[in-house]
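Asker: Got a structure for you, questions after.
The values are calculated or read from the model by the stated rules, or taken from the named source; none is laboratory data. Bear in mind the structure is a predicted one, so any value in this text is a computation, not a measurement. Cβ sites come from the backbone with ideal geometry, for glycine too, and all protein chains shown count toward neighbours. Ligands, DNA and RNA are stripped out before the accessible areas are found, and what is left, the full protein with its side chains, is counted by its heavy atoms. Shrake-Rupley method; radii C 1.70, N 1.55, O 1.52, S 1.80 Å.
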Amino acid sequence: MLPEQIKNFREMVTLKDGAYVLLRALMHEDKARLTEFYKAISEDDLRFFHHNVKDEVLITGWCEDINYSQVLPVLALAKDRVVGNATLHFFDGPKRHIGEVRLFLARDYRKRGLGMKMIRALIDLARKQGLSILMAEVIADKTKVVKAFEQLGFRSNCVLDDYFMFPDGDQSDVVIMTMPLRPKVDEF
């Protein structure tokens with residue numbers, strides 16, 4: 001898929017409660033919206049991120065240095081408010097057939113079906129990119145998240161003990177989940 005096609009990606013989704021949300025790729029002009037979205041997250045949620053998303057310099061970099069061939073960020077917008085951010089991360093070399101999905105939703109948009117719709121959109125985009133496997137890392141005690149990924153077709157491959165370290169030094173087990181995007185065909 002060409003960057004121009006990704007820029008033009010738009011999907012209107014309807015949540016379980018009837019609310020409409022627009023899914024589209026992150027663009028340069030989303031900096032203020034994305035900054036506002038991450039500024040509102042709780043300290044507890046912040047513990048689960050790979051980066052300090054409250055750092056405006058980080059968000060500025062994400063919006064100014066968009067490279068859809070490395071990371072494909074998809075925003076969920078309720079009117080002009082960002083209520084979700086899902087990303088599809090690409091790899092090079094021997095992992096170039098694999099994409100990693102990540103997701104974060106505003107607290108008031110959780111348990112409404114938005115996360116499932118955003119991951120489905122990433123699955124479709126990954127297929128269009130020619131990927132063979134999607135993976136996700138889920139904190140093991142987030143059992144509802146694990147079940148949601150399983151409903152989408154992911155399977156738990158292994159649990160890595162103490163794999164994720166929180167900012168305070170506590171550690172948590174992580175479930176590595178994968179989803180094949182191409183059926184394996186045995187030939188003889």
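Asker: Quick check for you: with a 1.4 Å probe and neighbouring chains kept, what is the accessible area per residue of the chain, in Å²? Provide the component values of the computation, followed by the final result.
Answerer: Values: 11020 Å² over 188 residues.
Per residue, the chain has 59 Å² of solvent-accessible surface.
Asker: Still on this model: With runs of 4+ DSSP H residues as the only contributors, calculate the mean residue ellipticity of the chain at 222 nm using -39,500 (n - 2.57) per run, divided by the residue total and rounded to the nearest 500. Can you show the working numbers first?
Answerer: Working: 6 runs with 51 residues, N = 188.
Theoretical 222 nm ellipticity from helices: -7500 deg cm²/dmol.
Asker: What shape does region 63-174 have by the C-alpha gyration tensor, where a ≥ b ≥ c are the square roots of the eigenvalues, rounded means a/c under 1.5, and otherwise prolate means a/b greater than b/c and oblate the rest? Could the numbers behind the result be given before it?
Answerer: Working: a/c = 1.40, a/b = 1.08, b/c = 1.29.
Rounded shape, in that the Cα axes give a/c under 1.5.
Asker: Right, here's the next one. Order of 161-167, 139-145, 123-129 by packing, highest average Cβ count within 10 Å first? It would help to have the intermediate numbers written out before the result.
Answerer: On the way: 161-167: 12.1, 139-145: 13.9, 123-129: 17.6.
Ranking the peptides 161-167, 139-145, 123-129 by packing returns 123-129, 139-145, 161-167.
Asker: Using a 1.4 angstrom probe on heavy atoms only, work out the carbon and sulfur share of the accessible area of region 63-188 in %. Please report the intermediate quantities before stating the final value.
Answerer: Details: 3590 of 7260 Å².
The computed percentage sits at 49.
Asker: For the chain, which DSSP H helices look membrane-span-like by this rule: Cα extent along the axis of 30 Å or more and mean Kyte-Doolittle of at least 1.6? Before the final figure, lay out the partial values.
Answerer: Working: long enough: none.
Helix filter hits for the chain: none.
Asker: Now for a separate question. Using θ = phi - 60° and the Karplus relation 6.51 cos²θ - 1.76 cosθ + 1.60, list the HN-Hα couplings for region 103-113 in order, rounded to whole Hz, with x at every Gly or Pro.
Answerer: 8, 9, 10, 4, 3, 7, 10, 7, 6, 10, x
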